[in-house]
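Enquirer: Please see the structure below; I have some questions.
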Amino acid sequence: MPKPKKTKPVRVKKPTDPQRAVRWRRMALHGALALFVISLGTVGLRYLKRYVETRLAYPAEPPKVVIVNRPAWMSDFLAAQIAATVRPIGNHSAFDHQMLVDAYQMLKTDPKISPWIKQIREIRRVYQNGPGDVIELDCEFRAPIALVQADNDFWLVDGEGVRLPDKFNVKQIPQIVYGKDGHTNIRVVQGVRANPPALGGQKWTGADLTAALDMVKLLYGRKFAEDILTIDVSNFGGRKDPRQAQLVLVTRYLTQIRWGRPINADDYFVEVSTAQKLDYLQRIYSEYHRVDANRQWIDIRFDQITYPSDPAAQVETRR
């Protein structure tokens, strides 16, 4: 008896869910739209970046240089000299970091600029009227406090004795020493034994110069010291005459105040104290309206102020 043939089961196709088809179409459409937006954004960012780099990031002129917290003593000439040294030539992108590195190197190495700078705090580009159109310099500068004579030259130094780039001749001294208002602007140190350092930015060594600068700082801002223009240390340490004053203050009248030992001398007890000497000068100024008591010289080293023995040895008041 023949075996009956196996019949294959008939698969019944399920009806398509119309909602599901709609969801798939929506997902495909959203995916395509997202891909289009991403592509468009990529192209747009590329063109925007190119526009910023070529149009906005390149100012029409090289960036202007501004000194942050410019010291009151700094002349317009020196400020302009620093700015001209740092300012780049030609246009540079606002994203050009190398330009700031180059500016830093110029400040550190330029022989006319670097001695003025004690510390570079920061160099940055800022937005004033356009992207990166200003370079700001934030530095600590060396303030000149004295002119030190070496032969026929007078060199500016700061409070630590660092030699600054500028030097002057004797004919220029009056316009440097006196300010525009006629007040004493800076004092002269003479009689220093050591020669000035060869390069600006180096310290001028010598205990005599240190003593003179200490005296300059002591006299700063005192009204009675307006007449005192020069600190003479030629007899420092008694190298010419141990009996005479080591420091002599010379006035605008070419008269002398025999001060004596440096203000930080260990053997200060040999003479009256620094405070007593300052009190002497203040009392003299209050009485005579001149710190020299209108004499050729006065000696304030000891318990009594000494004047020339000849009472006629007074000088005329002149400026």
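Enquirer: Could you check V216 against (1) surrounded by fewer than 17 Cβ atoms within 10 Å (Cβ to Cβ); (2) β-branched (V, I, T); (3) in contact (Cβ under 8 Å) with a residue 40 or more places away in the chain; (4) in a helix (DSSP H, G or I) and say which number it fails?
Expert: Of (1) surrounded by fewer than 17 Cβ atoms within 10 Å (Cβ to Cβ); (2) β-branched (V, I, T); (3) in contact (Cβ under 8 Å) with a residue 40 or more places away in the chain; (4) in a helix (DSSP H, G or I), only one is false for V216: (1).
Enquirer: Something else: Find the residue count for segment 111-146, including only residues that are over 11 Å from V66 (Cα atoms) and β-branched (V, I, T).
Expert: The number of residues fulfilling the criteria is 4.
Enquirer: Select from segment 253-273 the residues that are part of a loop (DSSP other than H, G, I, E, B) and buried (at least 19 other Cβ atoms within 10 Å of the Cβ) and write down the one among them that is nearest to the chain's Cα centre (by Cα). Quick ask: steps written out before the conclusion?
Expert: Of all residues in segment 253-273, those part of a loop (DSSP other than H, G, I, E, B) come to 253-255, 261-267, 271-273.
Subsequent filtering for residues that are buried (at least 19 other Cβ atoms within 10 Å of the Cβ) retains 253, 255, 261-262, 271.
On the way: Y253: 34, T255: 36, R261: 33, P262: 29, E271: 38 Å.
Filtering first and then ranking leaves P262.
Yes/no matrix, rows are residues, columns are (1) part of a strand (DSSP E or B); (2) touching a residue at least 24 places away in the same chain (Cβ under 8 Å); (3) of a type in the set (S, T, Y); (4) touching a helix residue (DSSP H, G or I) at 6+ places or on another chain (Cβ under 7 Å):
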site: V101; (1), (2), (3), (4): no, no, no, no
site: K108; (1), (2), (3), (4): no, no, no, yes
site: P111; (1), (2), (3), (4): no, yes, no, no
site: Q119; (1), (2), (3), (4): yes, no, no, no
site: D138; (1), (2), (3), (4): yes, yes, no, no
site: V148; (1), (2), (3), (4): yes, yes, no, yes
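This table checks each residue for (1) surrounded by fewer than 16 Cβ atoms within 10 Å (Cβ to Cβ); (2) farther than 23 Å from S286 by Cβ; (3) β-branched (V, I, T).
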| residue | (1), (2), (3) |
| --- | --- |
| F141 | no, yes, no |
| I145 | no, yes, yes |
| W155 | no, yes, no |
| G161 | no, yes, no |
| L164 | no, yes, no |
| G191 | no, yes, no |
| A194 | yes, yes, no |
| Q202 | yes, yes, no |
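Enquirer: Can you confirm whether segment 293-304 contains a residue that is outside any loop (DSSP other than H, G, I, E, B) and either modelled with pLDDT under 95 or farther than 30 Å from A194 by Cα (or both)?
Expert: Residues of segment 293-304 that are outside any loop (DSSP other than H, G, I, E, B), as a first pass: 295, 297-299.
Among the residues that remain, those that are also either modelled with pLDDT under 95 or farther than 30 Å from A194 by Cα (or both) are: 295.
Yes: one or more hits.
The values are calculated or read from the model by the stated rules, or taken from the named source; none is laboratory data. Owing to the predicted nature of the structure, the values given are computational and were not obtained by experimental measurement. Here Cβ is always computed from backbone atoms with ideal geometry, including for glycine, and neighbour counts include all displayed protein chains.
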